Amino acid sequence: MPDKNALTEIYRLNCFVENKPGVLARIVGLISGRGYNIQTLNVGPTEDGTVSRMRIDVLGTEKVLEQIMLQLRNQVNVIEVTSRRRQQ
Amino acid sequence: MNHNAERSGARALVESLEKAGVEVLFGYPGGAVLDIFNCLTDAKFQFILGRHEQGSAHMADGYARSTGKPGVCVVTSGPGATNTITGLATANMDGVPMVLITGQVPLSQIGTDAFQEADTTGITRAVSKHNFLVHSADEIPEIVAQAFYIATHGKPGPVVIDIPKNCQQAKTTAQYPERVSLRAYHPESAATGTQMARLAKMLNDAKRPVIYAGGGVIASGAAKDVAAIAHRANIPVATTLMGLGAFDEHDPLSLRMAGMHGTWAANRAIADADLLIALGVRFNDRITGKLAKYASKAKIVHVDCDPASIGKNVGVDLGIVADVKDVLTTVSSRVKSASHADWLEKIAAWKAERPMSYKPLHEAVIMPQQVVEAIDAATDGRAVIVTDVGQHQMWCAQYFRHSIPRHFLSSGGMGTMGFGIPAAIGAAIARPDHMTVAVCGDGGAQMTFEELVVAVEHKLPLTVVVINNGCLGMVRQWQELFYKGNYSGSILTVKGRSANEHLEQDLEYDYLPDFTMMAKAHGAAAYRVIDPAKLEPTIRKAVKSGKPSLVEVIVEPRANVYPMIPGGHGVEDTVFD
Ligand SMILES: Cc1ncc(C[n+]2csc(CCOP(=O)(O)OP(=O)(O)O)c2C)c(N)n1
Ligand SMILES: [Mg+2]
């Protein structure tokens, strides 16, 4: 579980995933299952119908974010993930 | 065979498993997999019927750990699938390649709370590497190929294929693909030239290096390469629990196991090292203890195939995401020979200062550590040792001299009681030419004892040794050390149970069940040993018989696992016997 005091920054994850059933649940489960709270979640289509785009805002530290990114990249259905820090 | 032949999804599944190279399928039938079972009788692979789906899953796991090939298992929907969860989680934590096929209610009934419906992909998501829900028979060959690819590439792990009954029955002409292409999953990664140069320089500059080998060394088949580098530059080698067998413990360079119950020499050397070369490890908390103090004088190199494991628990100076064997074979020619004489002298002193040892508590009572030494002696250290979880697991790690990769199989990450017997059966089926010894506690042996029938049916050369200390020893030990000896819920004999359990203290026989009677009821030969003089001869007799057998050894109940670094502490807080 993350240390609540360390949760200071909001990070925006931009995730391109295969548009298949179960992928959304998998991504959300991966983040929430590790005790991190998702602030905003936005899923939509891209021009390529087989790819969905997810925008996920999580509260955390840089180290936490790095772990989440690595875990996301390990997922079989995740094509690409990028992140940036958002202003609070 | 006609290539466009139409056949059922179930038949296509069996064909696909054959194409994937499956030699043994473990499992248990039920309504939602009747179509699959109907095709198994003419499959090219062997089918092994377990007695509980958890057992079947652990058998597939044991088969995979002992061979490196994926273990495969098939179970029915609902309770069949949920019974495998512990098996999946166990394999997932330890990076064991497995493919689990589960039946599912017909697609049209999903979400209706149909008979034996469970949301298998939902439930297994957190305990598997990946899972699939099949939507049509046409997908089956491709999904099977993908599942085997995912299970065995990158960090290995279990993959679930959930197949609705109507997809098993529907006709398809789909064929098994020649090659697998996954759009988003490309786990292969190699070290860069710069990384290799840095690694070589760090190795050649180090004055007090330690190689620290984990399960990843065994998974990538790199044990010989570790030995080559260790010998060239005289680098001592410690292992994790999962790394036992990656380096010969008879070798003077061996520090044996490190961590909470590791040797003094291994933990001391890591604390004092100026370079720690961590190969295929996860830096789990049972290993590192207090993180701030862990290897605090050392530069740390971490090589692992899983990018997410590097830097997760311990900060590293050089992280390399690559196959351990590839890295070692490449760097090997650049490692200069060195003697590290001063460093090895220091290490020899630590080994002499605190060798692995135990004090008998009563001369007529067998110490549990002695049982493990007897297994080592009776098998010349060559047995495949499969453990359950608890004190006996740690004694197996400490008192058997491990020397062969894939000869020590244990649930490390999950610590799953009940793993031992079925995993040993899977291992013995995979390698019937080896002696396999399952070492269990009296607690864990009761969790999956029913599987012993499978060893008897298949005449496996398997000996189950139950180290009977009359208690859930590891729990009892923690209660003794950290809960003022309040043995709540941890005593298995009637004598010594706490008052709130409302037990009459008048049983004529205190050790229940009688494991020898249980074994005999399952068709195995069985022996009970109480007399220390009979210990080794009995184990020798059982193991050399080459038949399924059980040896119950009544041991000293008060023995504890030492040395021990209490959780969250550093090596200076090590507690000895
Ligand atoms: C399925 C499961 N339940 C509970 C535990 C917690 N646990 C760890 S060791 C242990 C005691 C094991 O007792 P036994 O099998 O007799 O082995 P011993 O420690 O006595 O050698 C328990 C209950 C566990 N690891 N796995
Ligand atoms: Mg016990």
B:Gly415 in the same structural domain as B:Gly390 (by TED's automatic domain parsing) and open to solvent by 10 Å² or more (accessible area, probe 1.4 Å): yes
Leading residue by the ranking (nearest to the other protein chains (Cβ to nearest Cβ)) among those in region A:54-78 that are in a helix (DSSP H, G or I) and at pLDDT below 85: A:Lys63
Which pairs turn up if I take residues in region B:361-375 that are on the phi < 0 side of the Ramachandran plot and open to solvent by less than 10 Å² (accessible area, probe 1.4 Å) and look for partners that are of a type in the set (Phe, Trp, Tyr) and within 14 Å of ligand 2 (Cβ to nearest atom) with beta carbon separation below 6 Å, at least 6 apart in sequence or on another chain? B:Pro368/B:Trp395; B:Gln369/B:Trp395; B:Val372/B:Trp395
Being within 12 Å of ligand 1 (Cβ to nearest atom), away from chain A (no Cβ under 14 Å) and assigned to a loop (DSSP other than H, G, I, E, B) narrows B:Gly418, B:Gly381 down to just B:Gly418
Could you list, in sequence order, the residues of region B:432-459 that are open to solvent by 10 Å² or more (accessible area, probe 1.4 Å) and either more than 16 Å from ligand 2 (Cβ to nearest atom) or part of a loop (DSSP other than H, G, I, E, B) (or both)? B:Pro432, B:Asp433, B:His434, B:Met435, B:Gly443, B:Met447, B:Glu450, B:Val453, B:Val456, B:Glu457, B:His458, B:Lys459
Testing B:Leu503 on (1) touching a strand residue (DSSP E or B) at 6+ places or on another chain (Cβ under 7 Å); (2) away from ligand 1 (no atom under 16 Å from the Cβ); (3) not in a helix (DSSP H, G or I), one condition comes back false. Which one is that? (1)
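If a residue counts only when it is within 27 Å of B:Leu244 (Cα to Cα), modelled with pLDDT of 95 or more and within 16 Å of ligand 1 (Cβ to nearest atom), which helices (runs of 4 or more DSSP H) contained entirely in region B:12-86 have at least 3 such residues?
B:53-67
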Could you tell me whether region B:90-104 includes any residue that is under 20 Å from B:Gln168 (Cα atoms), polar (S, T, N, Q) and assigned by TED's automatic domain parsing to the domain that holds B:Ala137? yes
Between B:Ile467, B:Ile385, which is at pLDDT 95 or above, within 16 Å of ligand 2 (Cβ to nearest atom), under 28 Å from B:Tyr562 (Cα atoms) and touching a helix residue (DSSP H, G or I) at 6+ places or on another chain (Cβ under 7 Å)? B:Ile467
Suppose we filter region B:187-214 for residues that are farther than 30 Å from B:Glu18 by Cα, under 32 Å from the mean Cα position of the chain (by Cα) and part of a loop (DSSP other than H, G, I, E, B); how many remain? 5
Might you let me know whether region B:520-532 holds any residue that is small (Gly, Ala, Ser) and within 18 Å of B:Val365 (Cβ to Cβ)? no
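Please determine whether any residue of region B:387-400 is within 30 Å of B:Pro209 (Cβ to Cβ) and open to solvent by 40 Å² or more (accessible area, probe 1.4 Å).
No.
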Six or more apart or on different chains, Cβ atoms under 6 Å: show the pairs whose first residue is in region B:301-312 and at the interface with chain A (Cβ under 9 Å from one of its Cβ atoms) and whose second is open to solvent by less than 10 Å² (accessible area, probe 1.4 Å). B:Ile310/B:His302
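The values are calculated or read from the model by the stated rules, or taken from the named source; none is laboratory data. Quantities reported herein were computed from a predicted structural model and do not represent experimental measurements. So basically every Cβ, Gly included, is an ideal-geometry build from the backbone, and we count neighbours across all protein chains shown. The accessibility values were calculated without ligands, DNA or RNA, using every heavy atom of the protein model including side chains. Shrake-Rupley method; radii C 1.70, N 1.55, O 1.52, S 1.80 Å.
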